[in-house]
Every structure is written in C-alpha cells, then in structure tokens.
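Everything on this sheet refers to the single structure shown next.
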Amino acid sequence: MASPSATPARFFNLDERDYAAAEQRCRALLARMTLAEKVGQMSQFTSDRDTTGPSIREGYQDDIREGRVGSIFNAFDADFTRQLQTLAVNESRLGVPLLFGYDVVHGFRTIFPIPLAMASSWHSEGVEAAARVAATEAAAAGIHWAFAPMVDVSRDARWGRVMEGAGEDPLLSSRMASAQVRGYQGHDPRALDSVAACVKHYAGYGAAEAGRDYNSVDLSERVMRSVHLPPHQAAVNAGVASVMTSFNTVDGVPASCNALLLRQILRDEWQFRGLVVTDYTAIMELLEHGVAADPRDAARLAVNAGVDMDMQDGYFLDHLAELVEADDVSAARIDEATLRVLILKDVLGLFEDPYRYCDEAREAAALLAPEHRRKAREMAQQSMVLLENNDLLPLSPAPQRLAVIGELADSRADLLGPWHGDGQAQDARTLLAALKDRLSGAEVCYHAGVPIDIDDTASRQREIAEAITIAQQAEVAVVVVGEKEPMSGEAASRTDLGLPGQQLALALAVIASGTPTVVVTLSGRPLVLSELTAALTGQSAALLHGWWPGSEGAEALVDLLLGDVSPCARLPMSFPRNVGQLPLYYGQLPTGRPVFRENPDPRYSSKYIDSPNTPLYPFGYGLSYTHVDYATPQLDKPTLTGPNDQLTLSIELTNTGERDGVEVVQLYLRDPVASISRPIRELIDFQRIEIAAGARERISFVIRAEQLGFIGSDLRWRCEAGRFELHIGAHVEDTQMLTFDYQP
Ligand code: GLC
C-alpha cells in the first residue's frame, strides 16, 4: 500500500507560484464580496436543459443576477452556456462567472465503453486518451468541470454502480484514477481542452451493505484506508481539482459531514487544496440519515465538516448567512470555501474570458470527430473480455450464412450504458447492422429472441423455437444476451445476477441446436454465467463479454468476432458462480481454516457446501487469439535490504501463437506472516505488453519496500521484516511463485 503523501498535492497541475498568484487574485475579489455573494458561490444547481429548458429553480435568472448561484450542472452546448454566463457576468453585481459541471464519465458525445470496461483494458495510456477525448468534446460544449473519475472500489456485483468504477482492486483502480485525472485535466488548466476533474464518491460508496445502492457502509478504518481510499489519494496526487462526497454513512457518519474524511484525511494527511462538492442533495439527506434535526442543522454540519459547495438542495443558500450571524459557522470557513470556488474559476481562465469555452465552431468540429470515434473503437476492442473459445473465434474465413439472435443485437441505446453524457443512440450502429455491413456478401438472418425484461417461460417457446430454426440454417450463430441499459448503474442494484428474463433459455437452446455458437454478453456488471459456461463445454462455441462498449461498440465487436483484432482484455472484477458468493474478490484473508487447492473439500474449512469458493472467472482473467508462455521467473537477489533497496524480477515471455498479442502480466504479493492477517494475494504491479507472433520478450519488475507495506491495526503504515512471496502470471489463479526476504 502506498504510504501517506509527504508533499502537498498539486492542484490542477499548478506549480506553487501559479497557485499563489491565483490565490492572491481571488483573495482580492473575496474582500469585495458580501456574505450572501460568498454563499452563492458555494451553491450549485441543476439546469434540466433537456426538459423545459433551464429549470434551476423558479426564477433562475434572478438567482444568477443576484449572485445566488456559483455553479450550474447539466447545462451544456456553447450557445446555452453562453446565455447563462452572460446573465452572471453582465447582470450580477460583481460579474463572477458561473462554473459549468456535468457527468462526463465515459465520453461526452463520442461515448467510450463504460469505465468498468475500460478498466478491463488495463491500459492506462488508453484510458487517459479516452478522458482526453471526453474533455476535448465537453470543453468544446461549454463544460468546465467533469464529475469524474468515479473510483469506488467494489466487490459486490449486486451494486449497479460497479459499471462506473474500475472493479475490485485498489491498485488497478488507482492507476485508472490517475490516468483519468491526467486525461481530463491535461497539462495546463488554461488550455481550451482542459476540464477540472472531480474524484468521486468520497468515500467507501462501493462497499454499500448487501450491494444495495445508497445503503450503509460499515468498514474498519483500516480497510477504508487500505482498500477504498487509495484510488482517491491517487487522484489527489495526480492533481485532481475537486472531490465529490458520497451518499453513504461511514461508520455511522454520513460522508458529507464526516470530518475524519473531509478534514483529517483529505486536508491534513493528503494536503488536498481543491474544492469539495457534495453529491446530489446529500446535505438534505443528512435529515434522512438522522444526524440533522432540520435543514439549518444539516447545512451547519456539512460546512463545518469541510464541504465547500452544496449540490442542488439549496441548504447552503438558505441557511449559511444566518448560521454565520449566529456564530454557528465561522466567517473564516465561508471565506475558505468561497476562495476554493474562485480559485478553480481563476485557473480555468474564466475571469479573463468567461466565454472562452462557449465557441460554436470549436464545438461543431470536436463532437464525434473521426479521431475520437477511432479511439473509442480502439478502446472498445481492448475492453471486451474473451471468456471461452472452443476453437471457434475468430470467424475467419467469415461465414456465408450467419444467424444473429437477441434483442440486444439490434439495439443502439443499450450499447452506450448509463452516464452517457450527451451521447446519442443514433451515433451508434447495432451489432446486426455492423455485421451485415461487414459480411456484405453473406446471408445474415436475425431473430430478436425473447423480450429481455419479460420473464414468462410459457409464451417464449415459440420465439425460442424460431430462433433455433434460423440457427440450424446458418453456419454460425451469434447470440447477444445480457442487460438493458437501465439494469445497471445508479439505483439499479439487483439480487439476481443471471441473464434477465428468458435469455438463458434462448442461449442454451441455440447452443444445443448444433450450430457453432458465439455468445456475446452485454452488461454493466459481472453476471452469473455458470449454466451458460457449462453448456459451452464440448461445443464449438465461444463466450465474449462486451460490457457496454459505447458509440463504436458494434464495430469493435465485429472487429473481434472476425479477427481483425485479437481480444486482450482482462477482468477487473471476479465473475461469481452464483450471487450467494458475494461479496467476492481475490484479495481475501486466508482465515484460520482455509480451503487448500490440493484438498478442496475438508469438512471443517471456510467453504460452502453447495459451491466452490472460487469465482467462475477470476480477477485478471481473459483469453486472446494467441497464447503466451511464461518461462521460470528469476529474482536478481534473495533479500531486499532497507527502504532504499530494490529487487528485480525478470521473466521471459514467448508468444507461441500465430497472431500478435497483448499480454497483461500481473504481479501479486503475499505476506504470509505479519502483525495482522494479510490477503492471500495483493496486486502490486502489472505490465501490458504487445508481443508479436513467435516473439520472445524479457520483461522485469522492480520491487521496493514501499510495495510491501500495509496499514496496521494501529492505523499506521508499516513495512515489516520477513519472508514474502511474489506471484507472477496471466491472472490471479495462474501464477508462478518466488520468495524473498525483507530486512528493514
Ligand atoms: C448523482 C450521482 C453522482 C453525479 C451527481 C450529479 O446522483 O451520484 O455520481 O455526479 O448525481 O449528476
């Protein structure tokens, strides 16, 4: 685990001199502001532009004119944001420009695969490039502030928002968080394609009990710091400009009034200097949590705990001035929060030119630019995970008679996934259309199969029989099953992770038809695919998990199915055998009665009597169209001595296949004896390498003491002497072990 940061986090890539200059300018403005104007800067409202135009609150124009709004979200496009900005700049007393925020989570108009899919690429540079495209398009549409990256570590696929994060592992989530912050914020906050990023949701939201969205989170502080905070800290260390608080309680205290999170850890330990905004109406929700007696109390608790901006509920606007007059909130706290808002606007250049992001020509050129579509297609190719392939894929030579089955095969909207910004279904093609286009000379027959969200076995026999018929008339069948877009995402927790409706029956029937069958699963989360996987055994069949692949997802799917590109993705989250195993993750503690691989069935051990403990598909797993052999790994010495020493692990890889490939080499640590029980595996590094057909590549990993450390029961980071195991391989259940000693 990374040790606590020793130096102040860079804010939005500013060096100290530029930060100080911005602060000085903003302090001069702050001195001219009334208390009411300061409180206005701390207030953010939505503009429901896609309904009846802006509907921030009744009389929104007056709110802006009278300086009662510091930021608006869900407002975009160059023209509309210019209208709103003109009100603020020309008609309010001090002309402080508005800050426009929006959920740009996996693309703005060109939609990339959902973040959990992008994490499957393990490709930091690719994820950074995706965020760069998203920032370029969002900034061209008038947006200054992206509410991303979402970095919630989650080990419970019942929680619908796993689709927004990077899965179960703190290190992979941290690498994805840093890459996105770099991508959104660019190198210069004043660049016209830079937007402020906002790491969310701080903190622990992904550990909602029972996988039920918005539910309580009860973790030890040690687990919070070891598992859930590292990606947030990685974002802070990458210079993230803002943090968004989460809806959940942490050990009984809601995150939006949690001084341990917002002051001690974020400010004192990490030395974060940016802005803290709440999630949507999270201050109002302090009443429901039962920690605030009334709105005034809720506003007091939140602002005194360290919240700088109130999203949507207006409690700051309604109560902060009076709280200051009653001395329940200090004027200094209001100044501190207001200054952070002003500094963010200053470093974005909004005081110099409030309209610099409102440029219709730049907007027209940026949205859906061919280069953006190309990058989205490339990322989609790299994010789809090949789970099974019984010598069927790639379909090369291409089939002359193809059956395409399933409602999702003819859907565009479901490819985009939730939080798809301003992405439009019409910008995407369906898999069916893309296949017909690419197989122009072939006969492609389609059947929608069974309606996804209707679960009535009886009346589906006809559809299934029809689907079997077209499958039997084809050389190959492609069955597309999974979730429709509303079945994952916010407020979409599920207790059953199987294929919704009668899709499993449909897929099993097509597999049993005797026609070689490719099953493509689309979803926002890991699904329970045990019966499907069992049915594929011994058949000429394959299983490709496409997640929700974005605007270019259909093209990317065809690229993979026809073999133009080889799959190279690896799972960022374990796929369970059944929902009863959840929460499920590779980095579990050994327990006092572990199940040993060589003797998996001792009665009195930590196991189930009706299922193996292991996932159906483990963390880090994924197939490709080639095969890479791992030679025996070597260490350059047997002992690591002191905090400044390093070990080098080297290993030779050989691509024994006939196709070029990409290998994600994963390095896990085990600390078998320590002052607390340590996980059976911890990812401490990985390398994503391209390896040509027949080529040998020798790669090495440098291991340092800081990678051996952990947070002890005293909550202090430590690195203890002893023997350590390194496990290197293609996924967490396929590794070779080495040992070494660490002497402090
Ligand atoms: C939502 C989400 C958060 C989002 C915010 C604004 O409820 O929890 O991720 O940024 O509201 O849309």
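Residue-by-condition table, conditions (1) within 27 Å of Y668 (Cα to Cα); (2) touching a helix residue (DSSP H, G or I) at 6+ places or on another chain (Cβ under 6 Å); (3) hydroxyl-bearing (S, T, Y):
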site	(1), (2), (3)
G538	no, no, no
E552	no, yes, no
V558	no, yes, no
L571	yes, no, no
P576	yes, no, no
Y586	yes, no, yes
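One line per residue, one yes/no per condition, for (1) in contact (Cβ under 8 Å) with a residue 40 or more places away in the chain; (2) surrounded by fewer than 19 Cβ atoms within 10 Å (Cβ to Cβ):
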{"residue": "P451", "(1), (2)": "yes, yes"}
{"residue": "Q461", "(1), (2)": "no, yes"}
{"residue": "G482", "(1), (2)": "yes, no"}
{"residue": "E490", "(1), (2)": "yes, yes"}
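A quick yes/no check of all residues on (1) closer than 21 Å to G167 by Cα; (2) surrounded by fewer than 17 Cβ atoms within 10 Å (Cβ to Cβ); (3) at pLDDT 95 or above:
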| residue | (1), (2), (3) |
| --- | --- |
| R603 | no, yes, no |
| L623 | yes, no, yes |
| Y630 | no, no, yes |
| P633 | no, no, yes |
| T654 | no, yes, yes |
**OP:** Pick out the one residue from D152, D103, D79 that is surrounded by fewer than 24 Cβ atoms within 10 Å (Cβ to Cβ), in contact (Cβ under 8 Å) with a residue 40 or more places away in the chain and within 15 Å of the ligand (Cβ to nearest atom).
**Re:** D103
Original post:
Among all residue pairs at least 6 apart or on different chains, which show Cβ distances below 8 Å where the first residue, located in region 655-669, is free of Cβ contacts under 8 Å to residues at least 60 places away in the same chain and under 16 Å from G622 (Cα atoms) and the second is of a type in the set (G, A, S) and in a strand (DSSP E or B)?
Top reply: N655/G661
**OP:** Mind listing whichever residues of region 106-126 are assigned to a loop (DSSP other than H, G, I, E, B) and either touching a Lys or Arg at 6+ places or on another chain (Cβ under 7 Å) or within 16 Å of the ligand (Cβ to nearest atom) (or both)?
**Re:** H106, G107, F108, T110, I114, S120, W122, H123
Subject >> Selection count where residues are part of a helix (DSSP H, G or I) and more than 11 Å from V276 (Cα to Cα), scope region 306-337 >> reply: 17
Original post:
Residues of region 694-720 being aliphatic (A, V, I, L, M) and surrounded by 13 or more Cβ atoms within 10 Å (Cβ to Cβ), which ones?
Top reply: A695, I699, I703, A705, L708, I711
Original post:
Do we find that V96 is buried (at least 23 other Cβ atoms within 10 Å of the Cβ), touching a residue at least 12 places away in the same chain (Cβ under 8 Å) and part of a loop (DSSP other than H, G, I, E, B) in this structure?
Top reply: yes
Original post:
In region 303-330, which residues are more than 16 Å from the ligand (Cβ to nearest atom) and either aliphatic (A, V, I, L, M) or in contact with a Phe, Trp or Tyr (Cβ under 8 Å, 6 or more places away or on another chain) (or both)?
Top reply: V303, A305, L317, L320, A321, L323, V324, A326, V329
Original post:
If only one of P576, P572, P567, P526 is farther than 22 Å from H106 by Cβ and crowded, with 24+ Cβ neighbours inside 10 Å, which one is it?
Top reply: P576
Original post:
under 25 Å from V579 (Cα atoms), surrounded by fewer than 19 Cβ atoms within 10 Å (Cβ to Cβ) and more than 16 Å from the ligand (Cβ to nearest atom) - does that describe any residue in region 465-477?
Top reply: no
**OP:** Scan region 37-57 and give yes if some residue there is surrounded by fewer than 17 Cβ atoms within 10 Å (Cβ to Cβ), modelled with pLDDT of 90 or more, away from the ligand (no atom under 16 Å from the Cβ) and assigned by TED's automatic domain parsing to the domain that holds D188, otherwise no.
**Re:** no
Subject >> Residue in region 428-440 that is in contact with a strand residue (DSSP E or B) (Cβ under 8 Å, 6 or more places away or on another chain), of a type in the set (A, V, I, L, M) and within 27 Å of V528 (Cβ to Cβ) present >> reply: yes
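With region 188-305 as the region, which helices (runs of 4 or more DSSP H) entirely inside it contain at least 2 residues that are surrounded by 19 or more Cβ atoms within 10 Å (Cβ to Cβ) and touching a residue at least 60 places away in the same chain (Cβ under 8 Å)?
Helices (runs of 4 or more DSSP H) meeting the threshold: 230-237.
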Original post:
Under the condition of being among the basic types (K, R) and in contact with a helix residue (DSSP H, G or I) (Cβ under 6 Å, 6 or more places away or on another chain), which residue from region 148-192 is farthest from V276 (Cα to Cα)?
Top reply: R158
**OP:** Filter region 474-488 for residues that are under 16 Å from L543 (Cα atoms) and part of a helix (DSSP H, G or I) and give the result.
**Re:** none
**OP:** Confirm whether A471 is part of a helix (DSSP H, G or I), assigned by TED's automatic domain parsing to the domain that holds A509 and within 32 Å of the chain's Cα centre (by Cα).
**Re:** no
Original post:
Considering only residues of region 492-517 that are buried (at least 24 other Cβ atoms within 10 Å of the Cβ) and under 15 Å from C445 (Cα atoms), which is nearest to the chain's Cα centre (by Cα)?
Top reply: T517
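Yes/no per residue for (1) assigned to a loop (DSSP other than H, G, I, E, B); (2) in the same structural domain as R525 (by TED's automatic domain parsing); (3) under 21 Å from L584 (Cα atoms); (4) not small (G, A, S):
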{"site": "S606", "(1), (2), (3), (4)": "yes, no, yes, no"}
{"site": "P612", "(1), (2), (3), (4)": "yes, no, yes, yes"}
{"site": "T632", "(1), (2), (3), (4)": "yes, no, no, yes"}
{"site": "T648", "(1), (2), (3), (4)": "no, no, no, yes"}
{"site": "L669", "(1), (2), (3), (4)": "no, no, yes, yes"}
{"site": "I680", "(1), (2), (3), (4)": "yes, no, yes, yes"}
{"site": "A693", "(1), (2), (3), (4)": "yes, no, no, no"}
{"site": "E697", "(1), (2), (3), (4)": "no, no, no, yes"}
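The values are calculated or read from the model by the stated rules, or taken from the named source; none is laboratory data. Bear in mind the structure is a predicted one, so any value in this text is a computation, not a measurement. Don't worry about glycine lacking a Cβ; one is built from the backbone with ideal geometry, like all the others, and counts go over all protein chains shown.
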